[in-house]
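What follows is a short report on a single structure.
Just so it is clear, none of the values below were taken in a lab; they were calculated from the coordinates. Predicted model only: the values in this text are computed from it and were never measured. Note that each Cβ is placed from the backbone with ideal geometry, even for glycine, and that neighbours are counted across all protein chains shown.
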Amino acid sequence: MRRARLPLRVPTVLLLVAIAVVLSSCGWSLWDAPMTTVKPKSDFGKATQDLFMLISWWTLGIFIVVEGALVWACLRFREKPGQPIPKQVHGHTVLEVSWTIAFAVILLIIGIPTIQMIFKTQEPEAANALRVDVAGRQWWWEFTYPEYKFSTANELHIPAGRQVAFYLHAPDVIHSFWMPQLGGKRDVVPHRTNRITLTPDAPGEFPGQCAEYCGMSHANMRFRVIVHSKENFEQWVAEQRKPPAEPTDELGKKGQELFAQSACVGCHTIRGVSGGAMAPDLTHFGSRKTFGANLMMNTPENVAKWIENPTHMKPGALMPDLGMRGEQSKALAAYLTSLK
Ligand SMILES: [Cu+2]
């Protein structure tokens, strides 16, 4: 009996269209994608990548052997017209024992370096490592440098070529600290301290992202990682340790007064002005390129809009609208963006 041709062609065309649509969501080059994990930029990232490749090659080998055997068996032993029923067998001790041993050996080859790597990543950090305390909070990141005694938010600055030890805390709910190109991810869990140590290879700028659902603005809980040369990092640290510059223009001065007199001081720290501890440290707010966990560019217009309506710009944001409007929010924005 001949099958009608058309019904077969329609699914084929639909399948091709579906494949084209799926593929069109891929970047042109996997290598240029900012969130790529396959082009590691640190020792930790490279070690993870090597392990991933080792496992991928072994699984590819197993896939080819198993599928090859399956296809071969289908072709070799398929039913032919007039053939008698083949000899019925049950079990084959030699075959069964040998494939059990073969796969146990492959699992060992994969398992030994994996376990070694897990222990290696848990080793104590080097004596000269830079310690950064990371707090994942709904929905922003706080980075504290105990060695230098200051905090910053959402923009992580680290030096190339020196080991960095990240101590991960969660004051509220579970988050996950992830810098795809540098290495990770690691859960940030309340009531315990997790750790990642890694040495970035070279200066560069990389995106980071919370990778564990943590509430309404989880997807907006991003950060930027700036890897500096050794000299640039020291310069950045020196700038951050200085007290903030006094505003020079009228609007900025008005903003400074307003800030000091309003509820902002209850949540935010500006060294020498206020000591709030539940919101981003704003001492050198003007030196950051973005704010709101890498959501908005740090311009006076955006900051004024933020102060007027934080949850409009970032759903669920835990900063209240304090009723600052017009001149007031403009003055606050002028002051904050001047804190270089
Ligand atoms: Cu999250």
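Between N194 and residues 5 or more places away or on another chain, which pairs have amide H atoms under 5 Å apart, with H built 1.01 Å from N, and which residues are they?
Residues meeting the criterion, in which the H sits 1.01 Å from N, are L168, V189.
Which number comes out as Rg/Rh for the range 29-121 once both Rg and the Kirkwood Rh are worked out on C-alpha atoms?
1.20
Could you give me the ³J(HN,Hα) list for the range 193-207, computed from phi with Karplus coefficients 6.51, -1.76, 1.60 and θ = phi - 60°, whole Hz, x at Gly and Pro?
Couplings: 10, 9, 9, 10, 10, 7, 10, x, 6, 8, x, x, 10, 9, x Hz.
Tell me the relative contact order for the chain as a rounded percent, counting alpha carbon contacts under 8 Å between residues six or more apart.
Computed over the chain, the figure is 15 percent.
Which one, G208, H191, A170, is farthest towards the positive end of the dipole of the range 162-243 when Lys and Arg carry +1 and Asp and Glu -1 on their Cβ?
Ranked along the dipole, the leading option is H191.
Could you give the dipole magnitude of the chain about its Cα centre, charging the beta-carbon of Lys and Arg +1 and that of Asp and Glu -1, in debye to the nearest 20?
I would put it at about 1380 debye.
Roughly how big is the range 46-187's charge dipole about its Cα centre, with Cβ charges of +1 (Lys, Arg) and -1 (Asp, Glu), in debye to the nearest 20?
The dipole magnitude comes to about 520 debye.
Could you work out [θ]222 nm for the chain from helices alone, using -39500 (n - 2.57) per DSSP H run of at least four and dividing by all its residues? Round to the nearest 500 deg cm²/dmol.
Calculated from helices alone, the mean residue ellipticity at 222 nm is -13000 deg cm²/dmol.
Quick check on packing: order 284-294, 81-91 by the mean number of other C-beta atoms within 10 Å, highest mean leading.
Final packing ranking: 284-294, 81-91.
What list of ³J(HN,Hα) values in whole Hz, one per residue of the range 141-152 in order, does the Karplus curve 6.51 cos²θ - 1.76 cosθ + 1.60 (θ = phi - 60°) give from phi, with Gly and Pro shown as x?
10, 10, 10, 10, 10, x, 4, 10, 6, 8, 10, 9
Of G292, C267, M324, which is farthest along the charge dipole of the range 250-337 in the positive direction, counting Lys and Arg as +1 and Asp and Glu as -1 at C-beta?
G292
Which residues' amide hydrogens lie under 5 Å from the amide hydrogen of T283, considering only partners 5 or more residues apart or on another chain, with H built in the peptide plane?
So T283 has HN proximity to R271.
When you count, for each residue, the other Cβ atoms within 10 Å and take the mean per peptide, how do 97-104, 174-181, 209-216 rank with the highest first?
Descending packing order for the listed peptides: 174-181, 209-216, 97-104.
Using alpha carbon centroids, what distance separates the range 281-340 and the range 85-147, in Å?
Answer, in whole Å: 43.
Sorted by packing (mean other beta-carbon atoms within 10 Å per residue), highest first, where do 222-229, 316-323 land?
Peptide ranking by packing, descending: 222-229, 316-323.
Using θ = phi - 60° and the Karplus curve 6.51 cos²θ - 1.76 cosθ + 1.60, what whole-Hz ³J(HN,Hα) does each residue of the range 229-238 get, with Gly and Pro shown as x?
Those phi angles translate into 5, 4, 5, 4, 5, 4, 5, 4, 4, 4 Hz.
Where both partners of a DSSP beta bridge lie in the chain, what percent of those bridges are antiparallel, to the nearest 5?
Close to 75 percent.
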